[in-house]
Structures are given as structure tokens and as C-alpha cells.
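Below is one structure, written out as C-alpha cells, with a few remarks after it.
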Amino acid sequence: MPGDGIGKEVVAVGERVLDAVSEISSFSYDGEPFDIGSDRYLRTGELLTDEDVSRLGKKDAVYFGAIGDPRIKPGVLEQGILLKMRAVFDQYINLRPVSSWFPLVPLKREVPFDIHFLRENTEDFYMGAGGTFGAGSPSASVRVRRGMYDVDIDLKGSSTGGDDFAFEIGLLSRRGVERFADYAFGYAAARGDEKVTLVDKANVCTHIYGMQREIFEQKSKEHGIGLEFMFVDAMAMAMIVRPETFGTVAVPNLFGDILTDLGAQLQGGLGMGASGNINPGGLSMFEPIHGSAPDIAGRGKANPMAAVLAAQMLLESLGHREEGAILRGAVRSCLDRGRTTPDLGGSLTTAEVGEEIRSIVLGGKR
Ligand code: NAD
Ligand code: IPM
Ligand code: MN
């Protein structure tokens with residue numbers, strides 16, 4: 001599902017690389033392209049349709065590029081395609097690794113780090129639960145429909161102080177937090193981490209993040225894994241001064257979006273940040289964390305490494321760990337030899353980096 005802008009360019013590379021992987025290993029795939037994104041929307045008005053959902057539901061995994069188009073009002077494609085896909089397939093974990101790819105790390109100290117962000121991916125301020133009310137119409141109702149539940153909220157405003165309001169509700173459900181916590185502690189145990197770091201703003205958003213803290217404390221005891229709390233503002237600072245002190249980090253949806261762009265820059269830039277939208281028992285989707293980058297689209301400048309690292313995560317999720325490691329090694333080899341796009345100081349195009357990675361996979365280069 002290449003989507004828009006540089007999504008198309010980097011997914012084309014990802015496909016070439018996956019083809020190479022399938023030539024050298026037992027991995028094989030039968031990719032079906034999905035025409036989803038701004039062009040189709042402008043042509044037909046369709047975003048992610050019921051038919052798309054039912055076709056996707058039969059797949060083993062989704063490989064996604066990016067959506068976003070300056071011709072379309074912000075939110076239409078994002079909510080109608082990407083957030084809808086995460087919600088419909090209940091991909092409640094967004095796994096975003098942040099690794100020290102020296103010498104790309106822009107920090108003064110050369111300390112290795114390997115943070116695995118687990119961003120909650122279906123709740124919080126991402127549910128589209130909001131509206132407007134005011135002097136003219138003093139009440140508002142919000143309907144939230146998600147894979148997991150439906151909620152109706154009515155705000156009967158008798159007095160609005162004569163002003164108009166817009167609001168966006170951050171909602172957490174007990175079930176949603178419990179499964180998030182179970183996944184986080186299970187993940188930490190599998191990685192051999194002694195603790196989970198939970199990032200929040202429980203000193204301000206006391207209702208949602210207060211409940212989240214209680215549930216994480218309970219789950220920490222159940223799993224026998226430690227728990228550390230960090231406020232999100234302090235976390236942003238700590239990622240710069242002591243990234244090596246974090247392992248498994250659980251973060252609610254909105255803060256996770258922000259911190260992982262910071263995390264991408266710690267790895268060299270948005271062109272290095274990969275992610276998996278995971279439904280542990282269902283269909284998962286793998287994508288770079290960057291967007292459609294209209295400022296560089298169509299010019300062969302996009303770094304395809306994030307998309308290749310997303311393909312690595314896709315392979316690993318399907319049980320092809322060795323093949324995943326080959327892709328990671330190929331990216332490392334390109335970095336070591338300066339065979340990169342301009343964002344990382346090189347002079348190759350998107351497609352040239354792809355061919356370089358491909359030939360390493362095929363054994364043509366070291
Ligand atoms: P962006 O991630 O598209 O770009 C931010 C900056 O990083 C730009 O200067 C861009 O040139 C650069 N950049 C991004 N990826 C790069 C790469 N692979 N190689 C080199 N440089 C890269 O974010 P934005 O500009 O805020 O958003 C553009 C559109 O993308 C918006 O419509 C937004 O909603 C959408 N978006 C989509 C996704 C997604 O599909 N997952 C993610 C983020 C943003
Ligand atoms: C991301 C993106 C999306 C998000 C947008 C495009 C909806 O920024 O994948 O990080 O906020 O999750
Ligand atoms: Mn983002």
C-alpha cells in the first residue's frame with residue numbers, strides 16, 4: 001500500500017528488496033497492490049472502503065508507505081485511511097524501535113542505546129471523539145465507534161458563558177490499558193528488560209493517566225517486572241541526555257507520536273524510523289514513521305532505509321528472523337560506506353540506495 005508522495009518511492013524500494021530476500025531464502029510473497037491514498041480519493045471520494053477492509057482482512061501482513069497531500073484538508077486521509085486501518089484491524093500496539101546507528105546519532109556522547117517504544121495505537125486523543133458547542137447550540141454529543149467498543153457521550157451544556165467551544169476527548173478504556181500493559185510487560189520480559197518505563201502526563205491529565213498508572217502498577221506486580229514513571233516533558237529531555245537508560249517504553253498514543261519523531265532524529269532522521277502496527281492475534285501493518293514529505297516527493301531524495309527497516313519488522317513478525325537480520329545488515333553496510341541519500345550526507349537517489357541494499361542481499365557486495 002504505497003499511498004502518497006515519497007510513500008510510493010520508498011515502498012517501490014521495499015518491494016525490490018523483498019523480491020531479493022525471496023530469491024535467497026524460504027520467504028516468498030504474493031503482493032497485491034492497493035490503490036489507496038490521495039489520487040483515488042480525489043478521483044472517487046473513497047478512502048478505506050469496506051471492500052478494501054475485507055480484501056485486506058485475508059492477508060498475512062500489510063506493507064504501507066505514507067499518506068498525506070497538501071491538496072486535501074488535514075485529517076481527511078489521515079483519519080479516513082491510516083487511523084481507520086489501525087482501528088479496524090485493532091492494531092493496538094505501535095512498535096517503534098530507536099537504535100543508535102552510529103555515526104548518525106547527533107548526541108555528544110557515543111553511548112549505545114536501543115529503546116523500544118510501544119505506542120498505544122487505538123485510544124487516547126486519537127479516537128476522533130470531539131465536536132463543537134457554544135452559545136448557539138449549547139449541547140454536544142460524541143459518538144465513538146472503534147473495533148473494540150462503541151461509546152456515546154452527551155454533553156448537556158446549559159451555560160456556555162456565551163462563548164463557542166471545540167473539544168477533543170482523550171479516552172482510555174480499562175480493557176484497552178490492560179491489554180497494552182500486558183503486551184508491554186510481556187515484551188520487556190522477552191527482551192530481558194528489568195523494567196517498563198511508562199510515559200504520561202499524570203500530573204495534568206489526572207483522569208486518564210491516573211487510571212493508566214493504577215493498571216500498570218497492578219500489571220507490574222502480576223508480571224514480576226519493574227515499572228518506572230516518566231512525565232512526557234522530562235522524557236523528551238531524558239531521551240537526549242541519557243537514552244541508554246531506557247529499554248521498553250510504553251507511551252500513550254499522542255505523546256508516542258511526538259516522542260518517536262524525536263527518536264527518529266536520534267537515529268539520523270525520519271528516514272531511519274520504522275514501525276509495526278501490531279495486532280498480536282491478527283493483521284499487522286508495517287510502515288516507516290515518516291509521512292508523504294511533499295517537500296521532497298518525486299525527486300528521488302527520500303531515504304528508503306526506514307521502509308526497508310519496516311520490511312525487516314514485517315519479515316520478523318512472520319517468523320523470518322534471519323531474513324530480517326540480513327536487511328538490517330545491508331542497511332548497516334550502506335551506512336558504513338556512505339552509500340546513502342542526501343539526508344544522511346550521501347549522494348545516491350532513493351532507487352540507487354535500494355539497488356545497493358538489493359545487491360548486498362543477493363550477495364553481490366559484502
Ligand atoms: P513528513 O514526515 O512527511 O516530513 C517531515 C520532514 O522530514 C520533511 O522535511 C521531509 O522532507 C523529511 N523526510 C520525511 N521522510 C523522509 C525520508 N524518508 N527521507 C528524507 N527526508 C524525509 O511530515 P510532514 O511534512 O509533517 O507531513 C506531510 C504529510 O504526511 C501530512 O499530510 C501528514 O499528515 C502526513 N503524514 C503521514 C504519515 C503516515 O502516513 N504514516 C506520517 C506522518 C505524516
Ligand atoms: C504517524 C503519523 C500519524 C499519527 C498521522 C499521519 C495520523 O504521524 O504514523 O506517526 O499521528 O499516528
Ligand atoms: Mn507521526
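The values are calculated or read from the model by the stated rules, or taken from the named source; none is laboratory data. What you are looking at is a predicted structure, and each value in this text was computed from that prediction instead of being measured. For neighbour counting, all protein chains shown are included, and Cβ atoms are generated from backbone atoms with ideal geometry for every residue, glycine included.
Key figures
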| item | result |
| --- | --- |
| Members of the stretch 319-349 that are among the β-branched types (Val, Ile, Thr) and within 24 Å of ILE296 (Cβ to Cβ) | VAL331, THR340, THR341, THR349 |
| Selection status of ILE67, surrounded by 21 or more Cβ atoms within 10 Å (Cβ to Cβ) and among the aliphatic types (A, V, I, L, M) | yes |
| Test: residue in the stretch 334-344 that is in contact with a strand residue (DSSP E or B) (Cβ under 8 Å, 6 or more places away or on another chain) and within 12 Å of ligand 1 (Cβ to nearest atom) | no |
| Residue among PHE102, PHE34 that alone is at pLDDT 95 or above and either more than 22 Å from the chain's Cα centre (by Cα) or not aromatic (Phe, Trp, Tyr) (or both) | PHE102 |
| Per-region count, the stretch 269-284, residues touching a helix residue (DSSP H, G or I) at 6+ places or on another chain (Cβ under 6 Å) and more than 10 Å from ligand 1 (Cβ to nearest atom) | 3 |
| Identity of the residue in the stretch 163-184, charged (D, E, K, R) and assigned to a helix (DSSP H, G or I), that ends up surrounded by the most Cβ atoms within 10 Å (Cβ to Cβ) | ARG179 |
| Leading residue by the ranking (surrounded by the most Cβ atoms within 10 Å (Cβ to Cβ)) among those in the stretch 185-215 that are assigned to a helix (DSSP H, G or I) and of a type in the set (D, E, K, R) | ARG213 |
| Tally, over the stretch 305-333, of residues that are within 16 Å of ligand 1 (Cβ to nearest atom) and touching an Asp or Glu at 6+ places or on another chain (Cβ under 7 Å) | 1 |
| Which numbered condition ASP154 fails, given (1) among the acidic types (Asp, Glu); (2) at pLDDT below 95; (3) in a loop (DSSP other than H, G, I, E, B) | (3) |
| Conditions (1) among the aliphatic types (A, V, I, L, M); (2) in contact with a strand residue (DSSP E or B) (Cβ under 8 Å, 6 or more places away or on another chain); (3) in the same structural domain as LEU83 (by TED's automatic domain parsing): number failed by LEU254 | (3) |
| Segments classed as strands (runs of 3 or more DSSP E), wholly inside the stretch 66-143, with at least 3 members that are under 23 Å from GLU316 (Cβ atoms), aliphatic (A, V, I, L, M) and away from ligand 3 (no atom under 16 Å from the Cβ) | none |
| Meets criteria (small (Gly, Ala, Ser), on the phi > 0 side of the Ramachandran plot, more than 16 Å from ligand 3 (Cβ to nearest atom) and crowded, with 22+ Cβ neighbours inside 10 Å) for GLY268 | yes |
| Among (1) surrounded by fewer than 18 Cβ atoms within 10 Å (Cβ to Cβ); (2) touching a strand residue (DSSP E or B) at 6+ places or on another chain (Cβ under 9 Å), the one test that PRO103 misses | (2) |
